[in-house]
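**Q** One structure is given below, represented as structure tokens, and several questions about it will come after.
Derivation of every value follows stated rules applied to the coordinates shown; laboratory data play no part. Not measured: the values here are computed from a predicted model. Glycine gets a Cβ as well: all are built from the backbone with ideal geometry, and neighbour counts include every protein chain shown.
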Amino acid sequence: MTMPTAFFFPGQASEAPAMLAPIMRHFPSIASDGIDAIQHALASDPDLPTIIRLLTNDNDNDKRLLHRTAIAQPCNLLAAILTWRVFLQTTKSADAGTGTGTTVFFGHSLGQITAFTAAGAITLVDALRIVRERGLAMEQVTGDSNNNNIDVPSKYGMLAVSLKNQSIGEFIKVHDAADLRDDPDQVVDCANFNSPSQVVLSGHIAALDKIAATELGQTTRKAATRYLPVRIPFHSRLLRPVESRVRAAVDNASSSITMPTSSTIHFLRNSNASPITTADDIRDAIVSGCWQPVDWLGSVRQVHNQFGVRRWIGIGPGSTITKTLVERCLGPDRAANDIVAFDPTKPGSAWDAIAAK
């Protein structure tokens, strides 16, 4: 019987210029199919030439445009799905964990939509349209929809906090008591529970700075905190207004969003690691996933404990970093698990083996 396997997909902030270059070099037909898909999905989109250029060319003058959420998200999803197709083409089905055994598809934030796509619940063309609209909606509600804003510091952001001497529960208890939460111009929410020792906060930069300085005893953006390279307060209540626009994009998908019929394929909801069992669950997870938190710690533990997964395979640019989060979440159990990442942008990852075939 095939070993239970989990495929995990990274979220935003893992993209880089020319993400498709390694796939174009080693698997040109797969890369060509991917370019065709995004050209079809965004045929009338004015940013399509920019998106294709960023995917295929490493131009220093263009790098800053990847900080635009509406550009980064389709780039990230396409690169991950093409890496997935390379993986399937170069790996025997049974060995890949896509045969008769239990297979869990899940992802971090945007990676949840990528996971649905990889498992066949959403077509690639529809997924690209949805995440493009998702990114545009996020830019709109935060006032970040003007290209010129890329050169202006955003008033929103995300802050990764390393918990040195307290648990996540202890941190949340202190954070929830903060007066900052009651000021509409000083919003901060716990966005990501990445590991037993890391929480990511999301909201107004001014409020994040105050938390770093007061609650964490820091006066600089160093030490136990790290600001993520994003301009949007992902997974905070500030993004609740994007729901209607994202829901419309989901409802207008050209093909039906479906729950895979195989009883061996499983999904988990990002926000609370609960099972996703219907097509309506998938739609709701895409829509609410914009502003609800990401419980990565709970998800990894659920995959490990409920489904008995001991083999973990990361797919796409950024999966090397996400692999590290999986390892941290497993803690002492890490040694009994096989965890790899197929990351075309990181020499030394498992990608090297399939690229050399």
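**Q** Could you give me the ³J(HN,Hα) list for the range 130-135, computed from phi with Karplus coefficients 6.51, -1.76, 1.60 and θ = phi - 60°, whole Hz, x at Gly and Pro?
**A** Working through the residues one at a time gives 5, 6, 5, 5, 4, x Hz.
**Q** For a quick check: with amide H placed at 1.01 Å from N, whose amide H comes under 5 Å from Ile276's, ignoring anything fewer than 5 positions away on the same chain?
**A** For Ile276, the qualifying residues are Phe267, Leu268, Arg269.
**Q** In nanometres, what is the gap between the two model label sites at Asp284 and Thr258, each 7 Å from Cα along Cα-to-Cβ?
**A** A separation of 2.2 nm, rounded to one decimal place.
**Q** On to the next question. Taking θ as phi - 60°, what are the ³J(HN,Hα) couplings along the range 322-332 by the Karplus curve (6.51, -1.76, 1.60), each to the nearest whole Hz, with x for Gly and Pro?
**A** 5, 4, 4, 5, 4, 4, 5, 5, 6, x, x
**Q** Using DSSP, restrict attention to beta bridges with both residues in the chain and report what percent are antiparallel, rounded to the nearest 5.
**A** Counting DSSP beta bridges with both partners in the chain, the antiparallel share is about 50 percent.
**Q** Quick one: dipole size for the chain, taken about the Cα centre, charges +1 on Lys/Arg Cβ and -1 on Asp/Glu Cβ, in debye to the nearest 20.
**A** On the way: 33 positive and 34 negative charges, 133 e Å.
Magnitude of the dipole: close to 640 debye.
**Q** Related question: Relative to the present Cα-Cα distance, how much length would full extension add between Gln140 and His40 at 0.36 nm per residue of separation? The partial results should precede the final answer.
**A** Details: separation 100, 0.36 × 100 = 36.00 nm, distance 2.40 nm.
That works out to 33.6 nm of additional length.
**Q** Right, next: Tell me, what are the semi-axes, in whole angstrom and largest first, of the equivalent ellipsoid of the chain as set by the roots of 5 times the Cα gyration tensor eigenvalues? Before the final figure, lay out each step's value.
**A** Values: eigenvalues 176, 124, 77 Å².
Result for the chain: semi-axes of 30, 25, 20 Å.
**Q** Identify, among Val300, Ala160, Gly331, the residue whose Cα sits farthest towards the positive end of the charge dipole of the chain, taking +1 on the Cβ of Lys and Arg and -1 on the Cβ of Asp and Glu, with the dipole about the Cα centre.
**A** Going by the Cα projections, it comes out as Gly331.
**Q** Going by C-beta contacts inside 10 Å, put Met158, Met259 in order with the fewest on the left. Show your work: numbers first, answer last.
**A** Values: Met158 24, Met259 18.
With the fewest neighbours first, Met158, Met259 line up as Met259, Met158.
**Q** Normalised by the residues of the chain, what does the relative contact order come to in percent, with Cα pairs under 8 Å and at least six apart? Don't skip to the end; give the middle numbers.
**A** Numbers: 676 pairs, mean separation 83.6, N = 357.
The value is 23 percent.
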